[in-house]
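Undergrad: Just dropping this structure here.
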Amino acid sequence: MAAIQTDSLVSPYVAAGAGRVSTAPGWLARLKADRTLLRRVLMIGGVAIVAAASLAFWLMGDRYIGTDDSYVHAAQLMVSTDVSGLVTDVDVHQGQHVGKGQVLFRIDPRQFRIALDNAKANLGETRMTLLSMKDDFARMLNDISAQQSQVALDQVTYNRYATLLRLNSIAQAQYDQAHFTLATAQSTLASLKEQAQVQLAKLGGNIATPVEQLPQYLAAQSQVDEAQRQLDHTVVRAPFDGIVTEVDSLQPGTLVISALAAFTTTSAVGLVSTSNTWVEANMKETDLTHVHRGDPVDVTVDTYPGKTWKGEVDSISPATGSDFSVLPAENASGNWVKVTQRVTVKVRLDLKPGDPPLRAGMSTYVTIDTGHRRWFRMLYG
């Protein structure tokens with residue numbers, strides 16, 4: 001009786017448990033099906049997202065190009081002079097900032113002052129010579145006037161004697177004497193006129209021409225100007241704002257030889273500009289399809305991470321770097337291999353007050369915004 005009751009009490013739970021067990025495989029199947037569907041959705045969606053992103057990147061791409069083969073450049077000059085002499089003073093030191101017109105060094109000016117004084121003396125002598133030539137010309141005109149009167153008198157005498165000779169009132173010798181006297185006076189007058197013309201030609205063809213405009217005076221004045229120029233060039237000044245370098249090689253007592261005389265600069269002071277600074281980027285030729293003058297550029301310098309300079313494309317070299325090489329590549333051989341060439345792009349920087357100092361030779365990274373978009377070209381041609 002107890003056993004029957006126990007079975008009756010357990011059987012419902014067993015039946016229920018059996019029911020749950022019997023339905024378990026269905027739930028697992030549906031769960032597996034849901035996971036398979038989710039996996040497919042994720043796979044297809046992921047591929048679609050990647051494809052869409054790739055397409056968008058391709059359509060929006062080809063706008064920015066860049067290179068790290070770029071460096072800072074600045075105007076550089078070995079400042080010397082075109083006169084020779086001994087250095088007396090060096091007014092700057094290594095690394096000093098100088099402004100345009102500031103004195104760098106001086107050359108002993110004594111020999112150049114002597115040359116200037118000599119040229120000025122020659123100029124004064126030339127002036128006095130020209131003034132005396134004008135006075136001589138005035139005297140020649142007076143001599144011509146007096147000689148013209150003498151010719152007129154001799155002409156009257158000759159005419160009178162010719163009349164008397166026809167009347168047999170004078171001897172033939174008197175007539176001949178009057179004839180030759182007239183001829184001599186006329187010849188003297190012609191000579192005086194010729195001398196006056198030569199003197200007038202030396203005075204520029206016009207007696208009223210100021211002495212300062214005559215060629216002889218101008219030649220002497222040019223000698224004074226040249227002597228003054230050489231004296232001025234004994235003081236060597238900075239041609240532009242910059243930083244001085246290579247100063248230690250120039251000391252008082254150093255003999256500076258003019259580059260015009262020796263065809264080489266023996267002594268000079270280096271000067272690197274602080275205002276005329278630019279970046280030269282060696283771009284791949286395949287990246288220059290859409291680059292034009294004036295395109296905006298972002299420049300970062302390795303020395304100053306996080307700092308970006310703005311600029312624009314100033315010029316694009318008309319030839320590749322290899323074309324300017326001293327030993328250009330020979331492409332006629334049978335083992336020729338095509339190599340992507342580099343073309344120099346000059347970037348003009350927009351320097352702002354307070355920007356970190358840029359030094360020639362610093363490494364940079366250049367990014368050029370060409371403004372080119374593939375989707376825009378596909379839509380609008």
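Undergrad: Hey, can you rank 104-115, 163-174 by average C-beta count inside 10 Å, highest first?
TA: 104-115, 163-174
Undergrad: If amide H atoms are built 1.01 Å from N in the plane of the peptide, which residues on other chains or at least 5 residues away come under 5 Å of the amide H of Met362?
TA: Under 5 Å from the amide H of Met362 lie the amide H atoms of Val72, each far enough along the sequence or on another chain.
Undergrad: Run the quick spin-label model on Ser249 and Leu86: label points 7 Å from Cα toward the beta carbon, then report their separation in nm to one decimal.
TA: Taking the simple label geometry, Ser249 and Leu86 are separated by 2.3 nm.
Undergrad: For the ranges 276-288, 143-155, what's the packing order if you count other beta-carbon atoms within 10 Å of each residue, average per peptide, and put the highest first?
TA: Going by the mean number of other Cβ atoms within 10 Å, highest first, we get 276-288, 143-155.
Undergrad: Stretched out fully, how many nm does the piece from Arg359 to Gln186 gain, at 0.36 nm a residue minus the Cα gap?
TA: Length gained between Arg359 and Gln186: 53.7 nm.
Undergrad: Could you pull the Rg and Dmax for the range 110-232, using just the Cα atoms, both in Å?
TA: Rg, Dmax (Cα atoms, Å): 24.7, 85.
Undergrad: Hey, can you grab everything whose amide H is under 5 Å from the amide H of Leu104? Only 5+ residues off in sequence or another chain; H modelled, so Pro and N-termini drop out.
TA: Under 5 Å from the amide H of Leu104 lie the amide H atoms of Val236, Arg237, Ala238, each far enough along the sequence or on another chain.
Undergrad: Quick one: if the Förster radius is 35 Å, what FRET efficiency do Asn142 and Gln172 give, using the C-beta to C-beta distance and rounding to 0.05?
TA: 0.45
Undergrad: Report, in listed order, any pair from Lys310/Lys352; Lys100/Lys310; Lys307/Lys352 with a Cα-Cα distance greater than 18 Å.
TA: Violating the 18 Å Cα-Cα cut-off are Lys100/Lys310.
Just so you know, all these numbers are worked out from the coordinates, no wet-lab data involved. Note that the coordinates shown come from a computational prediction; the quantities given were computed from them, not determined experimentally. Here Cβ is always computed from backbone atoms with ideal geometry, including for glycine, and neighbour counts include all displayed protein chains.
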